[in-house]
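Let me begin by presenting the structure, written as structure tokens, before commenting on it.
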Amino acid sequence: MKLLLPLIWILSAYKWSDWKNWKRYYPTILFFIVGDLIYNLVSYNHPLWEQTSLKLGVTFSVLFMCVTVWPSSTLLYLTHFPLTGKLKKVLYVLLWVVLFTLIELVCGWFGNFKYSNGWNIGLSILFATVMFPLLKIHHEKPPIAWALAFLLGTTIIYFFIPLSCIK
């Protein structure tokens, strides 16, 4: 599962993404990766969710996702984001929330994902519901997205990660 999922994302991005204009999406790909790395650094001693594996350490799993799944999924998501229609945009975001939720559930079933310290699938769904619009906002207005990401991160820390647990 640890290799199959990234392979599917990479092949999907290769086939259906806008590779000619990859430089337009690159800053948002980095935004996603940096966000994940910051989460993993801040929550190192008090994780809320973890990508786990029997043979790979958490750190390697995180880095592997950062160079495979996050770039591929971000490129796919932004490439096909509807240009018009509020309902189309909302449904598109919901489609991605459902997709990521199903993947998270399947990974959990295979033992490659776990929740800790009060986090659960409902909170993951809420997080994804905020994260996907945030990626689109970053693509169009990066400073606003960084401010919103800071608010989201500090809110998560306030409610779930004691300051004494942060390195």
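The values are calculated or read from the model by the stated rules, or taken from the named source; none is laboratory data. Worth saying up front: this structure is predicted, and the values here are computed from it rather than measured. Positions of Cβ are generated from backbone atoms using ideal geometry, with glycine treated the same way; all protein chains shown enter the neighbour counts.
In the stretch 45-70, the residue that is surrounded by the fewest Cβ atoms within 10 Å (Cβ to Cβ) out of those that are of a type in the set (Phe, Trp, Tyr) and under 16 Å from the mean Cα position of the chain (by Cα) is 64.
Taking each residue of the stretch 15-39 that is under 12 Å from residue 77 (Cα atoms) and without any contact (Cβ under 8 Å) to a residue 60 or more places away in the chain and looking for partners that are in a helix (DSSP H, G or I) and of a type in the set (A, V, I, L, M, F, W, C) with beta-carbon atoms closer than 9 Å, six or more apart or interchain, yields 29/22; 29/70; 29/75; 29/78. Taken over the stretch 125-167, the residue count meeting the criterion of being closer than 16 Å to residue 45 by Cα and among the charged types (D, E, K, R) is 1. Tell me yes or no: at least one residue of the stretch 76-92 is in contact with a strand residue (DSSP E or B) (Cβ under 8 Å, 6 or more places away or on another chain), buried (at least 17 other Cβ atoms within 10 Å of the Cβ) and either of a type outside the set (Val, Ile, Thr) or modelled with pLDDT of 95 or more (or both). Looking for residues that are in contact with a strand residue (DSSP E or B) (Cβ under 8 Å, 6 or more places away or on another chain), buried (at least 17 other Cβ atoms within 10 Å of the Cβ) and either of a type outside the set (Val, Ile, Thr) or modelled with pLDDT of 95 or more (or both), one finds none in the stretch 76-92, hence no.
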